[in-house]
Amino acid sequence: MSKAVYISTMENQSGKSIITLGLMTLLLGKVARVGYFKPIISDLSEDGSSNHIDLVRTHFKLDLPFKECYAFTKSQVLEKSHEGKIDGVIDTIIDRYKSLESKYDFILVEGTDFSGEGVATELEINTEIAKNLGIPTIIVESGVGKSLEDFANNLLATADLFRSKDVEVLAVIANKLQPQNLEWVKVELNSRLPKKVLVYTIPLIDVLTYPTIKEVIHAINAKVLIGEDACNNNSVANIIIGAMQLRNFLNFITEKTLIIMPGDRADLLLGSIQAHLSKNYPSLSGIILSGNLLPEDSIQKLLDGLGCTVPILTVGSNTFDTATILNQIKPQIYGDNKEKIEAAISTFEKYTDAEDLSTALITFETKGITPRMFQYNLLKKAQSHKKHIVLPEGCDERILTAAAKIIQHNVADITLLGDREKVQRKLNEMGLKFDLNKVQIIDPVNSEYYQDYVSTYFELRKHKGINMAIAEDKMIDVSFFGTMMVYKGHADGMVSGAVHTTQHTIIPALQFVKTQPGISLVSSIFFMLLDDRVSVMGDCAINPNPTAEELAEIAISSADSSKAFGIEPKVAMLSYSSGTSGVGEDVDRVREATEIVKAKRPDILIEGPIQYDAAVDMKVGQQKIPGSKVAGQANVLIFPDLNTGNNTYKAVQRETGAIAIGPMLQGLNKPVNDLSRGCTVEDIYNTVIITAIQAQGI
């Protein structure tokens, strides 16, 4: 079941509040704990509040602090966008959402309001938020001021946009339609949308489009002379200006009319109130006295004695300017306006199907974890049980920069190997501010551990002809010393290879850390963070030409690692042919490896041999291997040899801009991971994170 739904639109005044109020009512009837999150809100009011958040919190009595209901104001997002920091906005939104997710059974997430500057930015960020939270969306659009054809095309284009970003569209709601157009729009949308997308049409509801006197007061900065209690619920259906003689003016009064008149027109004022009190005339919404002109004392005394409840306001602006401002009001629903709230909820219930919506939410299955969410989960996992990681190449600039970031984000405790003075000198040259008191720096040959490590290594390797002199030389080597720290429990894991070769990094681990019980082969995987998904690729770093048995072991280890990191594995055993079409020694080896995995681990979804395009493209996959549960949706890609794997992951990384996290070594008793000598600071940072998670015993 989906744990959240995202309500989105592409325009202002779409009537999104109807859907929010209706869905909250529906969800609270079916789920014990429902949270509310509006990632980006309009700028806060002068008192630091947000009407829409206050509406949801107060009406539904949510035990949810105001500041937890949003991440940014619109102005903050636009500023971040102009500075090129929109990625940080998404990361913060994910963090806030995940915090709520841990407290609630379901979260209703509401998109932006599309008003003023930055509409293009809002459109892009709404799709990115829904995509990276991995939740389905309900799209709401208004039919006001549009032809039927344009309206339908706009709504369909919005749905296509979300689907192009791999966001599942759960439902589309055509709102604010003329009643006679409801059926036409529904038929048109149903004929052009996928059958699983729910389609609802809602008519324009007058009471929801009218501003209240409360909104009028706010818009024109008016003061209330009489009838303050009626301001919250009195709505304005019509605005007229009082200028003609009373006998003519009375003919223009309709139900819920707001009258604007100069403050010195006592005749119109008293006549309007009499009309309001009369059974023969419609009820007024309110009266505005313009020009800062107040009724004379005698008139005020008369008004007080009438017991009239119609609100009478006074404002400093003239009649024309006041009317101009009022015609620009965009109505809202406030928490104390029970009439509008009840109208919104009843409208939602009348024109949508609660059971269909509930079923759609219950049966929704996310396609997989998004790259940003994957990175977020990794960071939080590492921070949850902080481990101690040793970085042997302590004087490398990239290592030092990454170490500073690791400390800043509280990812792990760090030990750097090297001479302290040389490390400090390098930091000074780089201009990097780094408090060395927050890391441990060990010079192997001068370390208190040195003699103990020499003796331990000698005992472990003397059967291989190692003498004490060789053991002493080995423990001067930072790769051997760092690996021995892990072996002895003085560190939980090691990351190396920014300067040293893969062989130099791995040999010490193979010599005395050794493999886990039941595993004969150390292999590697990369987590490839593509634009729309996370793929696991192996083995791209260790084994040049694995046998069928070794390929099978790589596949099993990779599937288990993927699952441990939150990715439900669908394994593709890659080859130059798919299914039974190809013959030859190489494809037969892949076919045999696939059968070994199926025999040993029937719980693993696996397909092979299969070509890369058939593994990752649904259309191609189902053409080549119809009915396969893996073809077209594989997320664990096992290459037949190191040459293919290493070149492919690098090609994907360079050509698509994907982030490659790894290689992560599989099968060792304790985590030791290798870096590429061309690694970046971000590569080191990410590899330390996965090493720390491995050290937690996943």
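The values are calculated or read from the model by the stated rules, or taken from the named source; none is laboratory data. Every value quoted in this text rests on a predicted model; they were computed, and no experiment measured them. Note that each Cβ is placed from the backbone with ideal geometry, even for glycine, and that neighbours are counted across all protein chains shown.
Quick look at the numbers
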read-out	value
Scan of region 372-393 for residues that are in contact with a Lys or Arg (Cβ under 8 Å, 6 or more places away or on another chain) and either buried (at least 20 other Cβ atoms within 10 Å of the Cβ) or aromatic (Phe, Trp, Tyr) (or both), ordered by number	Tyr376
Residue list for region 679-698, filter: surrounded by fewer than 17 Cβ atoms within 10 Å (Cβ to Cβ), over 19 Å from Lys405 (Cα atoms) and either without any contact (Cβ under 8 Å) to a residue 12 or more places away in the chain or of a type outside the set (S, T, N, Q) (or both)	Gly697, Ile698
Failed item in (1) more than 29 Å from Ser75 (Cα to Cα); (2) β-branched (Val, Ile, Thr); (3) in contact with a Gly (Cβ under 8 Å, 6 or more places away or on another chain), with Val216 passing the rest	(1)
Per-region count, region 316-330, residues crowded, with 17+ Cβ neighbours inside 10 Å and either of a type in the set (A, V, I, L, M, F, W, C) or in a loop (DSSP other than H, G, I, E, B) (or both)	4
Residue satisfying condition, being in the same structural domain as Asn221 (by TED's automatic domain parsing) and either part of a strand (DSSP E or B) or in contact with a Lys or Arg (Cβ under 6 Å, 6 or more places away or on another chain) (or both), within set Leu302, Leu313, Leu268	Leu313
Criterion violated by Leu642 - all others in (1) more than 26 Å from the chain's Cα centre (by Cα); (2) aliphatic (A, V, I, L, M); (3) under 22 Å from Val499 (Cα atoms); (4) crowded, with 20+ Cβ neighbours inside 10 Å satisfied	(4)
Residue satisfying condition, being crowded, with 18+ Cβ neighbours inside 10 Å and outside the structural domain of Ala382 (by TED's automatic domain parsing), within set Ile506, Ile525	Ile525
Residues that are among the hydroxyl-bearing types (Ser, Thr, Tyr), touching a helix residue (DSSP H, G or I) at 6+ places or on another chain (Cβ under 9 Å) and either within 26 Å of Met24 (Cβ to Cβ) or at pLDDT 85 or above (or both), drawn from region 39-93	Ser42, Ser45, Ser49, Ser50, Tyr70
Test: residue in region 441-458 that is among the hydrophobic types (A, V, I, L, M, F, W, C) and touching a strand residue (DSSP E or B) at 6+ places or on another chain (Cβ under 9 Å)	yes
Test set (1) touching a residue at least 60 places away in the same chain (Cβ under 8 Å); (2) closer than 18 Å to Glu472 by Cβ; (3) of a type in the set (D, E, K, R) - Glu448 fails condition number	(1)
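Listed here are the residues, each with its yes/no results for (1) under 22 Å from Pro211 (Cβ atoms); (2) touching a helix residue (DSSP H, G or I) at 6+ places or on another chain (Cβ under 6 Å).
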| site | (1), (2) |
| --- | --- |
| Met244 | no, no |
| Arg247 | no, no |
| Phe252 | yes, no |
| Glu255 | yes, no |
| Met261 | yes, yes |
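Per-residue answers, yes or no, for (1) of a type in the set (D, E, K, R); (2) touching a helix residue (DSSP H, G or I) at 6+ places or on another chain (Cβ under 6 Å); (3) closer than 30 Å to Tyr376 by Cβ:
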| position | (1), (2), (3) |
| --- | --- |
| Glu550 | yes, no, no |
| Ser557 | no, no, yes |
| Val583 | no, no, no |
| Arg589 | yes, yes, no |
| Pro602 | no, no, no |
| Gln622 | no, no, no |
